[in-house]
Ligand SMILES: *Cc1c(COP(=O)(O)O)cnc(C)c1O
């Protein structure tokens, strides 16, 4: 038995599935996940000392790669001064000031410890602000694991939803309407029918939790118009896209101003940190100013704030996103070309530093289309890439991430590995 298998066996005895978040268990692709011992720059090293070029980057946060010296130093310095106070600190103010400067739609914000907390709090706030209960989400978008958001579509197109997880009360799920991503028609119908009941629409401005689906401009524009017209709060869930697709996040990239935004992942630089913020009149409804309750013992934790500040300082360097986007595009173009060369139905696309890789001829524009991709071929490709030291997300339905630490030579090595594997896939 290998060291990874040994650890997995021990883990499964006492941690459900052997993991602390389901996708890590490799259920979708099968096999044993490497247990990671360390990371440096674009690489991770497993318990057996094997090195992988990492395109998961902790599922997005590590935009500077692993163990960036400035980030590590900032955390070490913060740690020497004490780990947590449960009282306000200067670092929190500096991080909040930087975030509202970079994301102009936010007049005010609050820091939390995860993306889930950020979206859960934003939904509660939107309900408290509007005095309405119903929310709209889109199939395939993930917004963390709060009850109201673990909901799948109801039986008819415009009927309210059913729980997508055990333990979620149907009484709660019935307030969530689940529509198709990128469907302008469904949005218009939903607002025509339920407009005066809708507290909020929550959306990933680039969908990154059903592989990657780019938004249609018309879709985001219609969202903004309908929410304004009907008095619903538009929530951009930028937990993944925030500072991942550009310095002003997806809202800057597409020129749409949401009412509330949620952040996580990159803003914590690898430490537990999230944020939600937006219009002042809405944010002032939060306790202690207003009636909507929200709190956290470790919110604004000094180590997380230090890692976030160090990360946000570095990504403001001129040319940072141009370089990151160019490298990500080099990867997706290289992979697409390798697919064409070997006659494999494979496509790929990039938005900033995130990418989608699909075993189908063209990039999908909807959840239904992404579901049509060839999962079996992906799984064979995934395992061959892993064996070649290339660590992709262990599921055909997850996005990938490139960091500033990935060099052009790293990217080219990935494309070369894929090229060889696709050649052999075609022959078998
Ligand atoms: C990761 C993610 C979340 C949840 O964040 P956690 O920190 O895992 O709780 C919410 N929304 C989106 C869009 C995400 O990608």
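The values are calculated or read from the model by the stated rules, or taken from the named source; none is laboratory data. Being a predicted model, the structure only gives us computed values, none of them experimental. We place every Cβ from the backbone using ideal geometry, glycine too, and count neighbours over all the protein chains shown.
Condition check ((1) modelled with pLDDT of 95 or more; (2) assigned by TED's automatic domain parsing to the domain that holds residue 125; (3) in contact with a strand residue (DSSP E or B) (Cβ under 6 Å, 6 or more places away or on another chain); (4) within 14 Å of the ligand (Cβ to nearest atom)) across all residues:
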position	(1), (2), (3), (4)
268	yes, yes, no, yes
279	yes, yes, no, no
283	yes, yes, yes, no
289	yes, yes, no, no
292	yes, yes, yes, no
295	yes, yes, no, no
305	yes, yes, no, no
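Take the conditions within 30 Å of residue 398 (Cα to Cα), touching a helix residue (DSSP H, G or I) at 6+ places or on another chain (Cβ under 8 Å) and surrounded by fewer than 22 Cβ atoms within 10 Å (Cβ to Cβ) and apply them to residue 83. Does it pass?
no
Identify all residues within region 1-16 that are under 30 Å from the mean Cα position of the chain (by Cα) and in contact (Cβ under 8 Å) with a residue 40 or more places away in the chain; write none if there are none.
4, 7
Residue check, residue 48 against (1) buried (at least 21 other Cβ atoms within 10 Å of the Cβ); (2) away from the ligand (no atom under 16 Å from the Cβ); (3) without any contact (Cβ under 8 Å) to a residue 60 or more places away in the chain, all met but one. Which one?
(1)
Looking at (1) in contact with a helix residue (DSSP H, G or I) (Cβ under 7 Å, 6 or more places away or on another chain); (2) without any contact (Cβ under 8 Å) to a residue 60 or more places away in the chain, can you tell me which one residue 406 breaks?
(2)
From (1) farther than 30 Å from residue 245 by Cα; (2) crowded, with 20+ Cβ neighbours inside 10 Å; (3) touching a strand residue (DSSP E or B) at 6+ places or on another chain (Cβ under 6 Å), pick out the condition that doesn't hold for residue 8.
(3)
Can you pull out every residue in region 87-124 that is within 16 Å of the ligand (Cβ to nearest atom) and either part of a loop (DSSP other than H, G, I, E, B) or over 25 Å from residue 321 (Cβ atoms) (or both)?
Scanning region 87-124 gives 103, 110, 112, 113, 114, 116, 117, 120, 121, 122, 123, 124.
From the list 361, 409, which one is assigned to a loop (DSSP other than H, G, I, E, B) and surrounded by fewer than 17 Cβ atoms within 10 Å (Cβ to Cβ)? Explain how you work it out, then say what you get.
On the way: 409 fails: assigned to a loop (DSSP other than H, G, I, E, B).
Exactly one of 361, 409 is assigned to a loop (DSSP other than H, G, I, E, B) and surrounded by fewer than 17 Cβ atoms within 10 Å (Cβ to Cβ), namely 361.
So residue 316 ticks every box in (1) under 25 Å from residue 391 (Cβ atoms); (2) within 21 Å of the chain's Cα centre (by Cα) but one. Which box is left unticked?
All conditions are met except number (1).
In the same structural domain as residue 144 (by TED's automatic domain parsing) and either out of contact with any helix residue (DSSP H, G or I) (no Cβ under 8 Å at 6 or more places or on another chain) or buried (at least 24 other Cβ atoms within 10 Å of the Cβ) (or both), is that true of residue 256?
Against the criterion (in the same structural domain as residue 144 (by TED's automatic domain parsing) and either out of contact with any helix residue (DSSP H, G or I) (no Cβ under 8 Å at 6 or more places or on another chain) or buried (at least 24 other Cβ atoms within 10 Å of the Cβ) (or both)), residue 256 does not qualify.
Where the second residue is modelled with pLDDT of 95 or more and part of a helix (DSSP H, G or I) and the first is closer than 14 Å to residue 7 by Cα and in the same structural domain as residue 144 (by TED's automatic domain parsing) and lies in region 17-28, which pairs have Cβ atoms under 6 Å and are six or more apart or on separate chains?
Short answer, once both residue conditions are applied: none.
Within region 314-336, track down each residue that is more than 30 Å from residue 420 (Cβ to Cβ), touching a residue at least 40 places away in the same chain (Cβ under 8 Å) and surrounded by fewer than 20 Cβ atoms within 10 Å (Cβ to Cβ).
Within region 314-336, 314, 316, 320 qualify.
Which of (1) away from the ligand (no atom under 16 Å from the Cβ); (2) outside the structural domain of residue 215 (by TED's automatic domain parsing); (3) not in a strand (DSSP E or B) is the odd one out, the single condition residue 370 does not satisfy?
That leaves (1) as the condition not met.
Which residues, counting only those in region 373-389, are under 15 Å from residue 28 (Cα atoms) and not in a helix (DSSP H, G or I)?
Passing the criteria: 373, 374.
Can you tell me which condition residue 395 does not meet? The list is (1) touching a helix residue (DSSP H, G or I) at 6+ places or on another chain (Cβ under 9 Å); (2) assigned to a helix (DSSP H, G or I); (3) surrounded by fewer than 19 Cβ atoms within 10 Å (Cβ to Cβ), and all the others hold.
(2)
Does region 65-81 contain at least one residue that is away from the ligand (no atom under 16 Å from the Cβ), within 20 Å of the chain's Cα centre (by Cα) and in contact (Cβ under 8 Å) with a residue 60 or more places away in the chain?
Checking region 65-81: at least one residue is away from the ligand (no atom under 16 Å from the Cβ), within 20 Å of the chain's Cα centre (by Cα) and in contact (Cβ under 8 Å) with a residue 60 or more places away in the chain.
For region 177-198, state whether one or more residues are over 19 Å from residue 371 (Cβ atoms), within 16 Å of the ligand (Cβ to nearest atom) and not in a helix (DSSP H, G or I). Quick ask: steps written out before the conclusion?
So in region 177-198, the residues over 19 Å from residue 371 (Cβ atoms) come out as 177, 184-185, 187-198.
Filter once more, keeping what is within 16 Å of the ligand (Cβ to nearest atom): none.
Scanning region 177-198, I find no residue that is over 19 Å from residue 371 (Cβ atoms), within 16 Å of the ligand (Cβ to nearest atom) and not in a helix (DSSP H, G or I), so the answer is no.
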